[in-house]
Amino acid sequence: MQITEIYKSLQGESTYAGLPCVFVRLTGCNLRCIWCDSEYTFHGGRKMTLDDARDEVKRLSPDGGLVEITGGEPMLQEREVVPLMRYLLAEGYQVLLETSGERPLERVPKEVVKIVDVKCPDSGEGETFRMENLRTLTRRDEIKFVLSSRADYKFALDFTTQNDLAKRVNSVLFSPAFRKGATGARDSSQCLLDPQELAEWIIADNAPVRLGLQLHKFIWDPALKGV
Ligand code: SF4
């Protein structure tokens, strides 16, 4: 399996935000979101066997806990990543999978919490979500929309309502996109959509969603990798 990095930090973008978490970041992505902050995962990385990856997770978090499989797009390496998820579950870890939902998700073990980042139009990768994946979602999963405009908000709210997402999953997250290449200030001036504006829209519409912020970007320099 091709892996960009394995490191320990705090989970930053779901209902698990704030909890210590080991991240297994796989190399490669088939999308090119305009505001992507993970372009360094598109190429490079190093080959690791399942045992190498599992041993590194155990070294960083020997007593279990949270592990997030992310990327890039981890499901591009489904053949290796699904067995890794099974290994980690068998070792007692709680496993999160962050994915765009562009690849099929049927073979993801049901104990894994899927955090599915449905792309909005202004990402430049709208309409890449595989609608059949809605059938794989359970009450433990989460759907996230990263928003950079009112048009994105409208798309995300319509998608949420039309597909009854609030009843299908644990949480629907609306999160403002961060400016690409943001560095220095750790505050909402770096967001492409003002969180205050987003909060006001959510309240006005009584939307069945949770406002999410990329917690790590308010803790560390937004340009920092491996946090
Ligand atoms: S899916 Fe994720 S890693 Fe891929 S381009 Fe979009 S934001 Fe970047």
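The values are calculated or read from the model by the stated rules, or taken from the named source; none is laboratory data. Since this is a predicted model, take the numbers as computed values, not measurements. Counting neighbours? That spans all protein chains shown, and the Cβs are built from the backbone with ideal geometry, glycine included. Note: areas computed on protein heavy atoms with side chains; ligands, DNA, RNA excluded. Shrake-Rupley method; radii C 1.70, N 1.55, O 1.52, S 1.80 Å.
One table, with the values for the structure above:
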{"read-out": "Dipole of the chain, positive direction: furthest Cα of Ala17, Gln94, Gln190, with charges on the beta-carbon", "value": "Gln94"}
{"read-out": "Prolate/oblate/rounded call for region 77-227, Cα gyration tensor, a/c under 1.5 rounded", "value": "oblate"}
{"read-out": "Only Lys, Arg (+1) and Asp, Glu (-1) charged, at Cβ; region 1-116 dipole about Cα centre in debye", "value": "160 debye"}
{"read-out": "Neighbour net charge for Gln190 - beta-carbon separation under 12 angstrom, K R +1, D E -1", "value": "0"}
{"read-out": "Rounded if a/c under 1.5, otherwise prolate or oblate - region 1-116, Cα gyration tensor axes", "value": "rounded"}
{"read-out": "Cubic angstrom per residue, convex hull over Cα atoms of region 149-227", "value": "100 Å³"}
{"read-out": "Isolated Cys in the chain, by beta carbon distance under 4.7 Å", "value": "Cys21, Cys29, Cys120, Cys191"}
{"read-out": "Dipole moment magnitude, nearest 20 debye, region 61-158 about Cα centre, only Lys, Arg, Asp, Glu C-beta charged", "value": "300 debye"}
{"read-out": "Mean Cα-pair separation over length for the chain, i.e. relative contact order, pairs under 8 Å, 6 or more apart, %", "value": "18 percent"}
{"read-out": "Max mean-square fluctuation residue, GNM over the chain, Cα-Cα springs under 10 Å, options Ile202, Ile69, Ile34", "value": "Ile34"}
{"read-out": "GNM top mover of Ile203, Ile115, Ile143 - the chain, alpha-carbon springs below 10 Å", "value": "Ile203"}
{"read-out": "Accessible-area composition of the chain, carbon plus sulfur, in percent [1.4 Å probe]", "value": "48 percent"}
{"read-out": "Antiparallel bridge percentage (DSSP; both residues within the chain; nearest 5)", "value": "30 percent"}
{"read-out": "Local electrostatic count at Ile34 - Lys and Arg +1, Asp and Glu -1, tallied over other residues with Cβ under 9 Å", "value": "0"}
{"read-out": "Probe 1.4 Å, all protein chains present, accessible-area order of Leu31, Leu215, Leu157, largest first", "value": "Leu215, Leu157, Leu31"}
{"read-out": "Span from the region 187-222 Cα centroid across to the region 10-51 one, whole angstrom", "value": "21 Å"}
{"read-out": "Of Gln162, Gln214, Gln94, the one that fluctuates the most in a GNM where the chain has Cα springs shorter than 10 Å", "value": "Gln162"}
{"read-out": "Accessible area expressed per residue, the chain, with surrounding protein chains retained (probe 1.4 Å, Å²)", "value": "45 Å²"}
{"read-out": "About the Cα centre, charge dipole magnitude for the chain (Lys/Arg +1, Asp/Glu -1 at Cβ), debye", "value": "340 debye"}
{"read-out": "Whichever aspartates and glutamates have a C-alpha closer than 20 Å to that of Lys154, once near sequence neighbours (fewer than 8 apart) are set aside", "value": "Asp117, Asp122, Glu125, Glu127, Glu142, Asp164, Asp194, Glu197, Glu200, Asp205"}
